[in-house]
Amino acid sequence: MWGNIRLSDAGKGVAAGSVPLSAIMHLLANNEKSLTDSRNAARSPERDERLAKWRVPYSRLAWIALGINILIILIGTVVRATNSGDGCGSHWPLCNGEANPLLSNDPQLKTIIEFTHRITSAIDGPLILTLLIGAFVLFPRGASIRKAAVCTFVLTGVEAFIGAYLVKKGLVATNTSITRAVWLSLHLVNTFFL
């Protein structure tokens, strides 16, 4: 209700129209002409053209993110099938207390598998954050891609939290507890939504 008012109503405080509240703050700090100029610049064809050229790289980045997520799922399957979930001990985000256990003398296969899963997951986080930011910069308010980017970001965060929880609580490898079954199921369901 208070987020939009018409320029002609700016001094009256009437809610309606299409100028964002931040633009009104700009109007109060400067003058009506600069506000009108900034609104026109924001809607200019040049600006739209500049943003449009970034949509193709954004699309490519989204395909790369999808590929990395599929890779993470496949490596996670290998982690589960080989009981390598405890390959880094109960340390997270470190692996056996080290930033890179592959540099240590003769790491075990399960450590290599689990560490590979963590590295690919670590690459995914900033990539998904970049997609989220890009969705809000490149696409208009209400665009479904914004909603999809938010959902992807949240589900990726939940996935990381559940994975870390499983490791920190020792609910990995040969643990047969009900607690592990519940958390592992949540991990799988979240992966399906992702």
Could you tell me the distance between the Cα centroids of the range 72-97 and the range 111-135, to the nearest Å?
-> 15 Å
To the nearest 10 square angstrom, how much accessible area does residue 92 have with a 1.4 angstrom probe?
-> 110 Å²
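Counting only protein heavy atoms, what percent of the accessible surface of the range 67-194 is carbon or sulfur at a 1.4 Å probe? If you can, show how the numbers build up before the last one.
Values: 5220 of 7470 Å².
Exposed carbon and sulfur together represent 70 percent of the surface.
From largest accessible area down, sort 153, 115; use a 1.4 Å probe on the protein chains. Could you put the intermediate results ahead of the total?
On the way: 153 90, 115 20 Å².
Heavy-atom accessible area, descending, gives 153, 115.
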Taking every other residue with Cβ under 13 Å from the Cβ of residue 130 and scoring Lys and Arg +1, Asp and Glu -1, one gets 0
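Ignoring ligands, DNA and RNA, what accessible area per residue does the range 74-131 give at 1.4 Å, in Å²? Each step should come with its number before you reach the end.
Details: 3250 Å² over 58 residues.
Solvent-accessible surface per residue comes out at 56 Å².
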Cα-based convex hull, the range 97-194, per residue volume (Å³, whole number) | 109 Å³
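Which sequence of 159, 114, 98, 49 reflects their accessible areas, 1.4 Å probe, from the largest down? Let's see the in-between values first.
Details: 159 35, 114 10, 98 75, 49 135 Å².
Reading off the accessible areas and sorting them downward yields 49, 98, 159, 114.
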With N denoting the number of residues in the range 119-168, provide Rg(C-alpha) divided by 2.2 N^0.38 Å, to two decimal places.
-> 1.28
Residue 78: net charge of surrounding residues, Cβ under 12 Å, Lys/Arg +1, Asp/Glu -1, itself excluded?
-> +1
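Under a 1.4 angstrom probe, counting protein chains only, how are 124, 106, 86 ranked by accessible area, largest first? Don't skip to the end; give the middle numbers.
Numbers: 124 5, 106 140, 86 55 Å².
Largest accessible area first, the residues go 106, 86, 124.
The values are calculated or read from the model by the stated rules, or taken from the named source; none is laboratory data. Quantities reported herein were computed from a predicted structural model and do not represent experimental measurements. With ideal geometry, Cβ positions are generated from the backbone for all residues, glycine too; neighbour counts draw on all protein chains shown. Accessible surface areas use protein heavy atoms only, side chains included; no ligands, DNA or RNA. Shrake-Rupley method; radii C 1.70, N 1.55, O 1.52, S 1.80 Å.
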